[in-house]
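To keep things clear, I will list the structure first and then write my remarks on it.
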Amino acid sequence: MQRRRERQRPELAREAVIESSSHDGRGVARIDGKATFVHGALPGERVRLRVVRHHRNFDEAEAEAVLEPSADRVEPACPRFGVCGGCSLQHVAPVAQIESKQQALLDALRHIGHLEPERVFAPIVGSSPWGYRRKARLGVKYVGKKGKVLVGFRERSSSFVTDTERCPVLHPRVGEALAALAALIGSLDIRERVPQVEVAMGDERCILVFRVLAPPSAGDAERLRSFGAAHGFVVYLQEGGLDSIRPLDPPGVQLTYALPEFDVELEFRPGDFTQVNFEVNRLMVARAVELLRPQPQERVLDLFCGLGNFTLPLARRAAEVVGVEGEAGLVARARANALRNGIGNARFYTANLYAALDAEPWLRERFEAALLDPPRTGAVEVLPLLPRLGVERLVYVSCYPGTLARDAAELVQRHGYRLVGAGAMDMFPHTAHVESIAVFQRR
């Protein structure tokens, strides 16, 4: 116990030059030969910092003052930046942010996969780094001592809800309404029993899902209903798991988003996975189809297909597309979306792609091309299937460079593919999250 107290003792401030940045956007300095990760510092800056946490191989620190700022440093747009955990890079110019993410992808491919792409694609970015988030989970906390409700993202490295009245990265319809939303919850009889509000927004409609730990009273229901009507929100309630999400006033509404380039419109439910940034998603889908180059006579396999975000656009170009997804609800929505769009050359299967797949009927088919869009854990389990199925071209969409690099090494070193190209996508501006896309060709 004595050793633990010594590690947490207050540290004296000291100066350091930031040499590089980490994958999560912190500056990296070397102090007494030890790597120190400095929150709020940028490469090339000289800062005054204070170490706040010791570890065996590295330390963590906070930048108390920037003595020599980087040319990439800008003034954050949000007054709660640095406290709120929703963003970590608002102090970095947007161009520098995406350049850093591109470099993080290339570094991961080089150091983890021991690979260099033959081409580096220009990053995919939206028209604005502000107001892009159409999905979010906001914390809610009634603070009795202050007599107010807080609504927002959690504070950085804390379970506390950030005390804020607006959020510039949320779509303005929601981001400018946080104070009104907090006032609404403060007026409810169950204000102490509402721990979160989930935002789910389509091209037109916006649903707010109130997580409730007690049923709202009749008066609460009327207040929720009036708030929704006044602000253009559709109110849903969630009393338990995702399957308990229901509209306050049935039958509720349909959420949809369009992919105009492919004449596709997809319907989804509030709890479904969709990309938070609709503009970048449209650009991403277009690039994926461009890179995969499906021909009218070819068959394509889409693994981790979700509700058909890539499957249906690909079906507009290929002879047939087979989508496989582990969540049965998403598969049902994908089939419905195919019908909705008059697409008859897309088939969908439910299968756990991390389990044994020997009995799956689609494994007895042949495909010229494939698309993978796995979760953060990657797709290493299904990679051996690809050459067996005849896949010549592969597009891999990734939400984590580390597992993409690992899987790319498997594809190149063990399964006979070459890494034709890769590039980053700025799906989450002002955060360190790196989305990327890579294309492989069979040798």
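Tabulated values for the structure
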quantity: Test result for Gly186, on the phi > 0 side of the Ramachandran plot and not assigned by TED's automatic domain parsing to the domain that holds Ala318; calculated: no
quantity: Residues (within 20 Å of Cys167 (Cα to Cα), small (Gly, Ala, Ser) and touching a residue at least 60 places away in the same chain (Cβ under 8 Å)) located in the range 116-138; calculated: Gly126, Ser127, Ala136
quantity: Condition met for Leu67 (part of a loop (DSSP other than H, G, I, E, B) and at pLDDT 95 or above); calculated: no
quantity: Selection within the range 334-365 - farther than 28 Å from Asp263 by Cβ, in a loop (DSSP other than H, G, I, E, B) and charged (D, E, K, R); calculated: Asp358, Glu360
quantity: Val276, sole failed condition from (1) among the aliphatic types (A, V, I, L, M); (2) within 17 Å of Leu389 (Cβ to Cβ); (3) in a loop (DSSP other than H, G, I, E, B); calculated: (2)
quantity: Matching option when the condition is more than 29 Å from Ser436 (Cβ to Cβ), without any contact (Cβ under 8 Å) to a residue 24 or more places away in the chain and either surrounded by fewer than 21 Cβ atoms within 10 Å (Cβ to Cβ) or under 23 Å from the mean Cα position of the chain (by Cα) (or both), among Gly228, Gly219, Gly186; calculated: Gly228
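The values are calculated or read from the model by the stated rules, or taken from the named source; none is laboratory data. Remember, predicted model here, so these are calculated numbers, not experimental data. Quick reminder, even Gly has a Cβ in these numbers, built from the backbone with ideal geometry, and neighbours come from all protein chains shown.
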